Amino acid sequence: MTEYPGVAYVMPVLNEAEYLEEAVASILAQDYEGDKELVLALGPSTDETNLVAQRLAVQDSRITLVDNPQGRTPIALNLAIRNSTHPIVIRVDAHSELPAYYTKRGIETLNRVGAHDVGGLMDARGRTPLQRAIAAAYHSKFGFGGPAYHSGAPEGAAESAYLGIFRREVFEEVGYFDENMWRAQDWELCLRIRQAGHKVWFDPELKVGYYPRDNFPSLIKQSFASGTWRGEIARRFPEGKSLRHDLPPLLLVGVGAGIVSAVIQPVAGSVFPKPVNTLMKLSQVVPVLYAACCVLAGISAKGNGLKEKLLTAATFPTIHLPWAAGYIKGRAVGAGSTLDKGRVK
């Protein structure tokens, strides 16, 4: 590999009119001496995303557009990779912004440690008070349980990588993204890379600016879909199971039982024997404790003033509880055709 190999950036795009131009600008402005190409795989957007993409492609010959009529992320990624040519493939997101050093640092790390896939930190940020509050929840260990790409960890081998900087030959060796994995396709690909004896690496110096959902309904839909596909992963692969993935479903059951008992006991508590009433009273503590933990975590999270911190506190249940419900579904019956509808308008 030459010192500055050519780089192919591949981006799935769907309903990203507000963010696409800035994301593309951060890619084309990379402080990197090698050749660059950017392939945008355009889904069936209902906003002006495709018009923005066409205008950008006219302005810069390094941008290629390919159609992705089904709109699925793994299909988009495979189309973009197959329509690119350079030896380094970097997955990018239309909701993200790369720092200028990202490409150079990522390729240096790829070579330094002999990895086949390198990823870094998701640096969530926001443009509105609510989006900033959601971003703060992303950074909180209480929010996502502390995955390295959310809250940080020492540099080292990893189970998966956020976005991903790949050697092109790894796709020829282990295959492309699984197009049946509508979400979590990155984890499944990283599993095949690791099973082939190659390294997947986390470098905390690679920080990607990411704009999360900017409203609670979209975040709930995203959380449910993420949980469902994580349950599918755990169902298919023993390597995909983790104790921390079982905690949110237990929390959901505990909170649900506490709320139900709080409603039923004042009305019909007299028909239950004393031990059952005692258990019902104890279960009612769970939602109270959980709410208190959300408030404490929200107040301790980064934020601009009390309002944003309280919005962060309100964000945690919109992440945890839909994710838990999705995980139970995924483990029980599989993900099926579950789709994140948070950006489908």
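The values are calculated or read from the model by the stated rules, or taken from the named source; none is laboratory data. In this text, all values refer to a predicted model and were calculated from it rather than measured experimentally. Backbone-built Cβ (ideal geometry, glycine too); neighbour counts: all protein chains shown. To get the accessible areas, we keep the full protein, side chains included, count just its heavy atoms, and leave off ligands, DNA and RNA. Shrake-Rupley method; radii C 1.70, N 1.55, O 1.52, S 1.80 Å.
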- Item | Gain in span if fully extended, Q54 to F216, counting 0.36 nm per residue against the direct Cα distance | 55.2 nm
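Could you compute how fast region 248-291 diffuses translationally, taking Rh as the Kirkwood radius over C-alpha pairs and applying Stokes-Einstein at 10 °C with viscosity 1.306 mPa s? Give it in µm² per second.
On the way: Rh = 10.4 Å.
Result for D is 152 µm²/s.
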- Mean separation of Cα pairs under 8 Å and 6+ residues apart, divided by the residue count of region 216-345: what relative contact order is that in percent? 53
- Item | Label-point separation in nm, K104 to A29, each point 7 Å along Cα→Cβ | 1.6
- Item | Gyration tensor (Cα) of region 134-243, equivalent ellipsoid semi-axes in angstrom | 24, 18, 14
- Message: Distances longer than 19 Å among the Cα atoms of region 1-122: what percent of all pairs is that?
- Response: 44
- For the chain, what is the accessible area per residue in Å², given a 1.4 Å probe and the full set of protein chains? 44
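Hey, any idea what Rg/Rh is for region 72-123, computing Rh the Kirkwood way over Cα pairs?
Values: Rg = 12.2 Å, Rh = 12.6 Å.
Taking Rg over the Kirkwood Rh, I get 0.97.
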- Message: Which one, V118, V200, V52, has the greatest fluctuation when you compute a Gaussian network model over the chain with C-alpha springs under 10 angstrom?
- Response: V52
- Note on the structure: Extension length gain for T85 and T128 (0.36 nm per residue less Cα distance), in nm, is 11.6 nm
- Task: Could you tell me what percent of the DSSP beta bridges with both partners in the chain are antiparallel, to the nearest 5?
- Result: 30
- If you stretched the chain out fully between K274 and D67, how much longer would it get, using 0.36 nm times the residue separation minus the C-alpha to C-alpha distance? 68.1 nm
- Query: For V113 and K281, what does the FRET efficiency come to when R0 = 45 Å and r is the distance between their Cβ atoms, rounded to the nearest 0.05?
  - Reply: 0.25
- Message: P(r) for region 225-274, please, calculated from all Cα pair distances in 5 Å bins and given in %.
- Response: 5, 17, 17, 16, 11, 9, 8, 10, 6, 1
- Assuming R0 = 45 Å, what is the FRET efficiency of I264 and A153, from their Cβ-Cβ distance, to the nearest 0.05? 0.55
- Item | Viscosity 1.306 mPa s, temperature 10 °C, Stokes-Einstein D of the chain from Kirkwood C-alpha radius, µm²/s | 74
- Using alpha carbon coordinates only, what is the Rg to Rh ratio of region 65-175, with Rh defined as the Kirkwood radius? 0.99
- Note on the structure: Compactness check, region 213-327: C-alpha Rg relative to the 2.2 N^0.38 Å globular estimate gives 1.26
